[in-house]
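Each remark here refers to the structure printed beneath this line.
The values are calculated or read from the model by the stated rules, or taken from the named source; none is laboratory data. Everything numeric in this text was worked out from a predicted model, so none of it was measured. Cβ sites come from the backbone with ideal geometry, for glycine too, and all protein chains shown count toward neighbours.
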């Protein structure tokens, strides 16, 4: 048993590390630190364009469409280095969600039409899955698309649509045929956000910020050319997408970095003259999390090693999302606890207060991450749904 | 990167698994633990014939030349059968210390007898007051006539009643809690002044209180330099903890699979109880605990290999992993054990059902060589400090 990388892989790691260190500058880092500010979109697009210029924007794509051609090991190293450097992932909706569906199930014409602008980040995509009446029970969706000659007529509403306010396109699951089993009769449709009849309504979240939206469709005409694959087979394509999405949800490298930051802050934060890192109760809370993360790191390595060996990931892969999100939430929680009473401070009444005036520099961030971080165990298949999946697929219940 | 056992390891692992499956059913085990000695000498000879007793010893002493990974492979399978024969006390602990000893004459004399099954051994370290601190040694060894005279009392000596020889920690200098000044002696169980009171433990095994009164031990029975016994203990302890953890892993995986199987057949309210979501989620949680525990074991094993390959590697990260491993095993063991009982319902509380025997072994492993709190404190000391 060992976790040694080959000399070539280590050289690749150094190359990635160097690239991140030189290209991800402090200004970009600052602008991307809060995802819900006005700076966010131009900053992330500009960063993604840099990645594209380097040829590293789409490690998950086949080489013929613009992928990197990396081995499983190289992809793993790249993701690990990204997380460790504190670099946000690319916006997933185009690059990691709709693109795999297009290059797997789309026509040649659709590939030529959509993939280049996803690679170049010139088109921003959002995901139209959840609905007010279809959350964890996604197949209960009711947004309808009636076949009308060269078009579908779409009516309904989507919800929790991240960054719909920036989006040029939305990929949607819509119901094309009623009275079938609920997973059947669903189609996968690509819709131009500029089409008349689409309204985007912001949802302000518990952290006081705006990244989520409701998207309403009222008699929206969508050309049938924008249908992926066959009508009524959309559920199959969506499921394939989820499988694509599932690997790498543990985000161990990100959690390790957050834990490092937390420990550093705990050496500076004092109570009664003693650093919090020396407080035995705080140490227990910290090590409970750290040990879980140490184990998860190796669970992730086990999954990766079986994939790198050309095999399928074993049953342990199914716990990555649950444990990964539970651990990141636990880190956020302890971070907020460490911020003490400053965690509750909101913005100033007459303009923002500086961190100096506030008396604390990370409290805002800690609160925001804790509050919005509650989403992690809800999205991507809630952790309860994940448990249902494991019970069935792994335990055979 | 690789998390597979080697072909050789898989062979020995399979051979232990076959033994457990074909010869060590729970009825056989019940008969053994209720016998006078509480172990089967016949099976012990089988272990010797199959080469399992030679795993940690160097080839020059007739051993298998195995690593801690080999030991873990054997222990995981022994765990699945909650095997009570003294593999931990004789091979892992007594044998581990012997294998690391610098006294080659002593090794030449004893190791072959461990390998052929004729010598059982145990490490007598604990004392009434010592709890989990190995260096808290009040037993004394005073120089006398070219040797030492040992006086004191050792508690919870695992399989002490079956042991032919003990490794005894005794103080040759320093204060009661000093790391320096503890020496390790091989003491013959039949030596004058040694008395052994054996008792049953809840996991179906045996332990003993060993009293040493004026026991004369020759100088050539020292495992390493006088006063430096704790260095040897510290050197061997990670392997012992990893081996015990591998045993725990085997037990936990078995408990989980027994429980899931039971939930598929037990009918209540007209359905198998495994169809109820509230129980499904609890079983998913125990599955995750077991996988995380396995990952922690693999982490420790990988780092052990790294440290073994290069003596200049800083061992702090490795030691953090080993302490975290013992904590993880304790937490997962408690979680999985308690859930196994709960999901079985009333039948889970009976002596007749097997799961209780697995649970009690996990409970014993938790308190062997430091419980969860002890190791979490050690982990915290290594991990967190602000100057």
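Structure values in brief
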read-out: Lone qualifier among B:15, B:40 - being touching a residue at least 24 places away in the same chain (Cβ under 8 Å) and farther than 22 Å from residue B:203 by Cβ; value: B:15
read-out: Residues of the stretch B:309-338 satisfying the condition of being over 20 Å from the mean Cα position of the chain (by Cα), within 13 Å of another protein chain (Cβ to nearest Cβ) and surrounded by 14 or more Cβ atoms within 10 Å (Cβ to Cβ); value: B:317, B:335
read-out: Of residues in the stretch A:7-35 being within 14 Å of another protein chain (Cβ to nearest Cβ) and free of Cβ contacts under 8 Å to residues at least 12 places away in the same chain, the one surrounded by the fewest Cβ atoms within 10 Å (Cβ to Cβ); value: A:7
read-out: Matching residues in the stretch A:140-166 - criterion: being out of contact with any helix residue (DSSP H, G or I) (no Cβ under 6 Å at 6 or more places or on another chain), touching a residue at least 60 places away in the same chain (Cβ under 8 Å) and within 18 Å of residue A:97 (Cα to Cα); value: A:160, A:162, A:163
read-out: Selection count where residues are closer than 29 Å to residue B:39 by Cβ and touching a helix residue (DSSP H, G or I) at 6+ places or on another chain (Cβ under 7 Å), scope the stretch B:140-162; value: 2
read-out: Residues located in the stretch B:355-387, provided they are more than 10 Å from chain A (Cβ to nearest Cβ) and at pLDDT below 95; value: none
read-out: Residues within the stretch B:277-293 that are within 8 Å of chain A (Cβ to nearest Cβ) and closer than 23 Å to residue B:68 by Cα, tallied; value: 3
read-out: Residue tally, condition more than 9 Å from chain B (Cβ to nearest Cβ), closer than 13 Å to residue B:376 by Cβ and touching a residue at least 24 places away in the same chain (Cβ under 8 Å), over the stretch A:264-304; value: 2
read-out: Qualifying positions in the stretch B:137-164 - farther than 26 Å from residue B:200 by Cβ and surrounded by 19 or more Cβ atoms within 10 Å (Cβ to Cβ); value: B:137, B:141, B:148, B:150
read-out: The stretch A:36-60: number of residues that are within 30 Å of residue A:352 (Cα to Cα) and either within 14 Å of chain B (Cβ to nearest Cβ) or without any contact (Cβ under 8 Å) to a residue 12 or more places away in the chain (or both); value: 5
read-out: Residue B:322 vs. criteria touching a helix residue (DSSP H, G or I) at 6+ places or on another chain (Cβ under 7 Å) and touching a residue at least 24 places away in the same chain (Cβ under 8 Å); value: yes
read-out: Lone unmet requirement of (1) in a loop (DSSP other than H, G, I, E, B); (2) touching a helix residue (DSSP H, G or I) at 6+ places or on another chain (Cβ under 8 Å); (3) at pLDDT 85 or above for residue A:379; value: (2)
read-out: Residues within the stretch B:336-387 that are part of a helix (DSSP H, G or I) and farther than 22 Å from residue A:286 by Cα, tallied; value: 26
read-out: Condition check for residue B:204: in contact with a strand residue (DSSP E or B) (Cβ under 6 Å, 6 or more places away or on another chain) and touching a residue at least 40 places away in the same chain (Cβ under 8 Å); value: no
read-out: The stretch A:382-397, residues that are more than 7 Å from every other protein chain (Cβ to nearest Cβ), more than 21 Å from the chain's Cα centre (by Cα) and touching a residue at least 60 places away in the same chain (Cβ under 8 Å); value: A:393
read-out: Selection count where residues are assigned to a strand (DSSP E or B), touching a residue at least 24 places away in the same chain (Cβ under 8 Å) and touching a strand residue (DSSP E or B) at 6+ places or on another chain (Cβ under 8 Å), scope the stretch A:199-233; value: 19
read-out: Flag if residue B:296 is at pLDDT 95 or above and within 7 Å of another protein chain (Cβ to nearest Cβ); value: yes
read-out: Selected residue (criterion: farthest from the chain's Cα centre (by Cα)) from residues of the stretch B:370-382 that are in contact (Cβ under 8 Å) with a residue 24 or more places away in the chain and surrounded by fewer than 19 Cβ atoms within 10 Å (Cβ to Cβ); value: B:382
